[in-house]
Amino acid sequence: MKSLVDVPAPAKLNLFLHITGRRPDGYHLLQSVFMLIDWQDTLSFEVRGDGQISREDLNVPLPDDDLITRAARLLQSSTGCTSGAHIAVHKRIPAQAGMGGGSSDAASCLLALNRLWNLKLSVQQLAKLGLQLGADVPFFLNGRNAWVEGIGESITPVDLPPGRFWVIKPPAGLETAKIFADPQLKRDTNHATISVFAADPYGFGHNDLQPVAERLCPEVHLALEWLAKAGLNGKMTGSGSAVFAHCPVSVKPGLVPEHWVSRLCSNLDVHPLFGWAASDS
């Protein structure tokens, strides 16, 4: 096997995001459900014999040292692999959206190169590497919709009913660190349980980051207002600035304002690369 083409990297939505406390080291404790959706980037990989890692941006220019190249180099250095790779990237998931696009790209890179380089690392081994790249990377490697707790390291698979979701990304972005540092951020939401969530998965909970995000980025508020005018109950995903709403089949959302990005998405039962590591079950 010398190449892999059209490798998908799906986005995620946070169905809710509660901040339940803070550790002495400053890290916030959270509860959330991460749900995979069919809005995805596409990556292609070709083995290089010279050990170099190169990247080609097919549509959107990425930073030189983005999570994809960092993931490739980390996998290479941690295993002593002497092969290299040329990686082509077609970006569709918007940046600074709270949809996990960079983390998903890194996870798909680890899964693809693990297979292409014949390294045979397990999901658990890949997840330990992924955690060095970002807290969301292990979720994408595990490959299932999940109840997430702690600082993102506690992942419990959950089953979700099929649904479709209207996702809107206004032009402005948000810095996650700025939201978490805000003194007005609510950090004491009561702990929830999976059973209570499961009774109403698409109506349960809220996003504790949302009020701060709306204040720092008025476009988040405008996007939520747009969903409300369409009769939809919107929430922000992650640290924004994308918002979303569960969208019944009877509702046909209209055109969003110019320069906003929007898409009607379906959720996924499992990651499209589930089974690419031998320990998947």
Practice problem: Give me the compactness ratio for the range 3-157, meaning the Cα radius of gyration over 2.2 N^0.38 Å. | Solution: 1.04
Practice problem: Over the residues of the range 138-189, compute the C-alpha Rg and express it relative to 2.2 N^0.38 Å. | Solution: 1.52
Quiz item: Which aspartates and glutamates have a Cα lying under 18 Å from the Cα of residue 128, excluding residues fewer than 8 positions away in the same chain?
Solution: 105, 136, 149, 153, 280
Self-check item: Semi-axis lengths, Å, the range 236-278, gyration tensor of Cα atoms, sqrt of 5 times eigenvalues
Solution: 27, 15, 10
Exercise. Only helical DSSP H runs with n ≥ 4 go in: add -39500 (n - 2.57) per run for the chain, normalise by residue count and round the 222 nm mean residue ellipticity to 500 deg cm²/dmol.
Key: -8000 deg cm²/dmol
Quiz prompt | Kirkwood Rh, angstrom, the range 77-125 [1 / mean 1/r, Cα pairs] | solution = 12.5 Å
Quiz item: What are the GluC sites (Glu not before Pro) within the range 159-262 that DSSP puts in a loop, where the Cβ has at most 13 other Cβ atoms within 10 Å?
Solution: 175, 258
Practice problem: Mind pulling up the Rg/Rh value for the range 203-243? Radius of gyration and Kirkwood radius, both on Cα. | Solution: 0.94
Self-check item: Distance in nm between pseudo-label sites at residue 191 and residue 128 (7 Å out along the Cβ direction from Cα)
Solution: 2.8 nm
Practice problem: Go through 71-81, 193-203 and give me the packing order, highest mean Cβ count within 10 Å leading. | Solution: 71-81, 193-203
Quiz item: Computed on alpha carbon atoms, what radius of gyration and Dmax characterise the range 94-222, expressed in Å?
Solution: 16.7, 49
Quiz item: Could you give me the ³J(HN,Hα) list for the range 164-181, computed from phi with Karplus coefficients 6.51, -1.76, 1.60 and θ = phi - 60°, whole Hz, x at Gly and Pro?
Solution: 10, 9, 8, 10, 10, 10, x, x, 5, x, 9, 8, 4, 4, 5, 5, 5, 8
Quiz item: What's log10 of I(q)/I(0) for the range 164-266 at q = 0.12, 0.17, 0.22 Å⁻¹, Debye sum over Cα points only, no solvent?
Solution: -0.42, -0.82, -1.19
Quiz item: In the chain, how does Rg compare with the Kirkwood Rh, expressed as the Rg/Rh ratio over alpha carbon atoms?
Solution: 0.97
Quiz item: Over the chain, what is the percentage of antiparallel beta bridges among all DSSP beta bridges, to the nearest 5?
Solution: 90 percent
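Every number here is computed from the coordinates shown, using simple stated rules; none is lab data. Quick caveat, the model's predicted, so the values are computed rather than measured. With ideal geometry, Cβ positions are generated from the backbone for all residues, glycine too; neighbour counts draw on all protein chains shown.
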